[in-house]
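K.L.:
Got a structure for you, questions after.
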Amino acid sequence: MSHADERRDGPRYLVTDEEQQRFRRDGYVHLCGVLSDDELGEIAAVYERFLRREIAVPGKDLCDMSGDYGRGFEQYSIVNVMLPRRYYPAWQGNLYEQRAASIAEQLHGPGMVLDYDQLLAKRPFKDDAVFEWHQDQAYWPVFADSRTATTWLAVDDSTLENGCMRFVPGSHKVPLRPHRPLKGDRGESHTLLTDVDPERDEIRPVPIRRGDVTVHNERVLHGSGGNSTAGWRRAYVVAFRAAETVAEERRLGFTHSHNDERNVLDRVGFADEHAR
Ligand SMILES: O=C(O)CCC(=O)C(=O)O
């Protein structure tokens, strides 16, 4: 039995003390073998149905995170499906969600609940499938308890060439950086970005195998590069936050859907709220 097999235990995945420390120190951690190849197969089959557009995703919840809302689907460089579990309810409670929930609990303690899920698939040969540098908190309203564990599952091997995640370790410990919209207006594109300076910031790419996960918090700087390979780079994200924080978001009408009134009204994101 391999090391990863021993750490998967039905709906749970064991996070070691050392990995918990790394998450606190760096703002992210890489966990090996959260899903086996067989377990991933079932998830990948549904994922493909989203990419073939057999599962309907309304409005702006299907968009390109590297472009504007005006692009046609076939031209998307990063296909973004927001809230797949809303549009495919059979996914609710799937094995990945269960293991991710157990990871969030080990990293942050009890009382973490699923806030949102998301698919991020980079098309082959798309050098512009760049996910701009950002801190997730800049996208979200601010509440007293900001604890977050965003689990990012590699559905394909995620490599330097196809646009693996990259982080600035420790960047969650200093004030949030100012963010600006990629396009002039959040009505044109959802994407926000901030500046990273390779002279000052340590940029750490994190290539991971299919079935591995990275987990990041709400403040660590991260992004990813383009996809120069012949294959897709598919990722499946499930994010957990404190129950009261998620309840506060919902009271504001904020569900992470790009179709939310609140998302449309906040033309420059929530970055201005952080500056106050
Ligand atoms: O998939 C990517 O390249 C970026 C994902 C990301 O920024 C996130 O999940 O917060």
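The values are calculated or read from the model by the stated rules, or taken from the named source; none is laboratory data. Keep in mind it's a predicted model, so treat the numbers as computed, not measured. Because the Cβ atoms are built from the backbone with ideal geometry, glycine has one as well, and the counts that use them run over all protein chains shown. These area figures cover heavy atoms from the full protein model, side chains too; ligands, DNA and RNA do not enter into them. Shrake-Rupley method; radii C 1.70, N 1.55, O 1.52, S 1.80 Å.
K.L.:
How big is the Kirkwood radius of region 1-61, worked out from every pair of different alpha carbons and given in Å to one decimal?
P.N.:
Mean inverse Cα-Cα distance, inverted, gives 14.3 Å.
K.L.:
Membrane-span-like helices in the chain: DSSP H runs reaching 15 Å or more (Cα, own axis), mean Kyte hydropathy at least -1.0? Intermediate results must be reported in sequence, preceding the final value.
P.N.:
On the way: long enough: 37-51 (20 Å, -0.07); 95-108 (20 Å, -0.45).
Those that clear 15 Å and a mean of -1.0 are 37-51, 95-108.
K.L.:
Ok, one more. Sort largest first and round to whole Å: the equivalent ellipsoid semi-axes of region 107-224, each the square root of five times a Cα gyration tensor eigenvalue.
P.N.:
Square roots of five times the eigenvalues give 21, 19, 16 Å.
K.L.:
With bins 5 Å wide starting at 0, give me the P(r) of region 1-130 over every alpha carbon pair, in whole percents.
P.N.:
2, 9, 16, 18, 17, 16, 13, 7, 2, 0
K.L.:
Remind me, what semi-axes does the chain give for its equivalent ellipsoid, largest first in whole Å, using sqrt of 5 times each Cα gyration tensor eigenvalue?
P.N.:
Taking √(5λ) for each Cα gyration eigenvalue gives 25, 22, 20 Å.
K.L.:
Still on this model: Which one, M165, L35, I55, projects farthest toward the positive side of the charge dipole computed for the chain from Cβ point charges (K/R +1, D/E -1)?
P.N.:
Working it through, the farthest residue towards the positive pole turns out to be I55.
K.L.:
In debye, nearest 20, what is the charge dipole magnitude of region 115-235 about its Cα centre with +1 on Lys and Arg Cβ and -1 on Asp and Glu Cβ, if you could check?
P.N.:
Details: 17 positive and 19 negative charges, 28 e Å.
The dipole magnitude comes to about 140 debye.
K.L.:
For the chain, what relative contact order do you get, as a whole percent, if you take Cα pairs closer than 8 Å and at least 6 residues apart? Please list the in-between numbers first.
P.N.:
Numbers: 595 pairs, mean separation 78.1, N = 276.
For the chain, the relative contact order is 28 percent.
K.L.:
For region 154-200, rounded, prolate or oblate, judged on the Cα gyration tensor with a ≥ b ≥ c (square roots of eigenvalues), a/c < 1.5 rounded, else prolate if a/b > b/c? All intermediate terms of the calculation are to be shown ahead of the outcome.
P.N.:
Details: a/c = 2.26, a/b = 1.17, b/c = 1.94.
The shape class here is oblate.
K.L.:
Also, I was wondering about something else. Quick one: which of 54-65, 10-21, 207-218 comes out on top by average Cβ neighbours within 10 Å, and what's the full order, highest first?
P.N.:
207-218, 54-65, 10-21
K.L.:
Accessible area per residue, 1.4 Å probe, Å², for the chain: what's the number?
P.N.:
42
K.L.:
Placing +1 at every Lys and Arg Cβ and -1 at every Asp and Glu Cβ, with all other atoms neutral, what dipole size does the chain have around its Cα centre, in debye to the nearest 20?
P.N.:
Using only the charged Cβ atoms, the result is roughly 280 debye.
K.L.:
Per the helix-only calculation at 222 nm, which mean residue ellipticity applies to the chain, given -39500 (n - 2.57) for every DSSP H run of n ≥ 4 and division by its residues, nearest 500 deg cm²/dmol? Walk me through the intermediate numbers first.
P.N.:
Details: 8 runs with 67 residues, N = 276.
Mean residue ellipticity, 222 nm, calculated: -6500 deg cm²/dmol.
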